[in-house]
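One structure below.
The values are calculated or read from the model by the stated rules, or taken from the named source; none is laboratory data. Quick caveat: nothing in here was measured; it's all calculated off a predicted structure. With ideal geometry, Cβ positions are generated from the backbone for all residues, glycine too; neighbour counts draw on all protein chains shown. These area figures cover heavy atoms from the full protein model, side chains too; ligands, DNA and RNA do not enter into them. Shrake-Rupley method; radii C 1.70, N 1.55, O 1.52, S 1.80 Å.
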Amino acid sequence: YGYHFTQWNDGDTNNPRYVVVTRDSTFIAQFDYNQYSISLDAENNTYGTVGGAGSYNYLTEQAITATPNHGYHFSMWNDGDTNNPRIITLTQDTSFTAFFVPNQYTLTVIAMEHGTTSGSGNYDYGDTVIIQAFPDEHYHFTRWNDNNTDNPRECRIEEDKTYSAFFAIDTHSVQVTSNDIVRGMVESNGTQFVYGTPCTVTATAYTGYTFVGWSNGVTANPYTFAVISDVELMALFVES
C-alpha cells in the first residue's frame, strides 16, 4: 500500500508479464511512491488564507497553515483539529477547510459630566455600532473626544476603542423691545445667558410717557430674573 510498480530491471513495464524460459533469468521489479494530494480551502477567503496544498509522495510529512486576515483568528480545521500549523502524513488524497472567526474588541463609551451614554460592549471585528450621548436636563451634547459632533454616531469596530462625550450647560437668548421706540428705551445686561444666570432689564420712559410694566405682567423696573429659557420681553409705555 502506498507504492506502485514502475518497471522491471530490463525496462519492461508489463505487469503481469509473461516470460518464455530459455535460460536462467533474474528479474527485479522496481516500485515508486504513490503521490497523494492535499486540497485546502478557507471557509471565507475574506477571513483568511491557507498554505501547503499540493501533491506529495506517500508518507511525506507536510505542514499546512491557516493565516487569518487582520481582525480575524484561526478557529479550527473541518475535522476539529486546532493545530496551526499542522503536520499531515500523506496516506491518501485529503481535503481540509480552515475556519476563521472575527476577533472581539471592547467599545467603551463614557460621559464626562452632565450626561449619560449608550453603546458600550464587546463586539466582533467589522461590526457597526451606534453610540449615543444623552445630556442631563439643561445641558447639551457638544462633541466626542475625537472632535466628532455626530450624535447618535456610527462606529465600525476594528480595535479596542474609547469614546468620551462632552456636554455644556444650555444658553438662552433674551430679547427686549419697546412697544413704541418714541415712548421709551430699554436696556439689558446682555443678550445670551447661561442657564440659571440673572438678567437685568431696565425701561426708561421719554418725556411725556410713563412705563407701566413688562409684557409678562411684571411691573418691577429694573427687573431681574433668572434665565431658564429663551425670553422675549416688551416694555410697555403709555402717555402720561
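Pairs linking a residue in region 145-172 that is of a type in the set (Lys, Arg) to a residue that is loosely packed, with under 11 Cβ neighbours inside 10 Å and in a strand (DSSP E or B), with Cβ atoms under 8 Å and 6 or more positions apart or on different chains, are ARG153/ILE130; ARG156/THR128. The sole residue among ALA53, ALA111, ALA63, ALA98 that is small (Gly, Ala, Ser), out of contact with any helix residue (DSSP H, G or I) (no Cβ under 9 Å at 6 or more places or on another chain) and under 23 Å from ARG156 (Cβ atoms) is ALA111. Of all residues in region 150-169, exactly one satisfies the criterion of being within 14 Å of TYR195 (Cα to Cα) and touching an Asp or Glu at 6+ places or on another chain (Cβ under 9 Å), namely PHE167. Taken over region 1-32, the criterion of being in a strand (DSSP E or B) and open to solvent by 100 Å² or more (accessible area, probe 1.4 Å) is satisfied by TYR3, PHE31.
Taking the residues in region 118-166 that are small (Gly, Ala, Ser) and not in a loop (DSSP other than H, G, I, E, B) as candidates, determine which candidate is most open to solvent (accessible area, probe 1.4 Å). Checking each candidate, the answer is SER118. Among the candidates PHE167, PHE193, PHE225, the residue that is of a type in the set (Phe, Trp, Tyr), in contact with a Gly (Cβ under 6 Å, 6 or more places away or on another chain) and farther than 30 Å from TYR72 by Cα is uniquely PHE167.
When region 220-240 is filtered for residues that are open to solvent by 40 Å² or more (accessible area, probe 1.4 Å) and either assigned to a loop (DSSP other than H, G, I, E, B) or on the phi > 0 side of the Ramachandran plot (or both), the ones remaining, listed by number, are ALA220, ASN221, PRO222, ILE228, SER229, ASP230, SER240.
Yes/no matrix, rows are residues, columns are (1) under 30 Å from ASP81 (Cβ atoms); (2) hydroxyl-bearing (Ser, Thr, Tyr):
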| position | (1), (2) |
| --- | --- |
| ASN9 | no, no |
| ASP24 | no, no |
| GLN30 | no, no |
| TYR33 | yes, yes |
| SER37 | yes, yes |
| TYR47 | yes, yes |
| SER55 | yes, yes |
| ALA66 | yes, no |
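Checking every residue in region 179-187 against the condition of being part of a strand (DSSP E or B) and under 55 Å from the mean Cα position of the chain (by Cα) gives at least one match. Checked against the criterion of being touching a residue at least 40 places away in the same chain (Cβ under 8 Å), farther than 30 Å from PRO152 by Cα and of a type in the set (A, V, I, L, M), region 15-29 contains not a single residue that satisfies it. Residues of region 193-219 that are surrounded by 12 or more Cβ atoms within 10 Å (Cβ to Cβ) and within 21 Å of ILE169 (Cβ to Cβ): PHE193, VAL194, TYR195, GLY196, THR197, CYS199, THR200.
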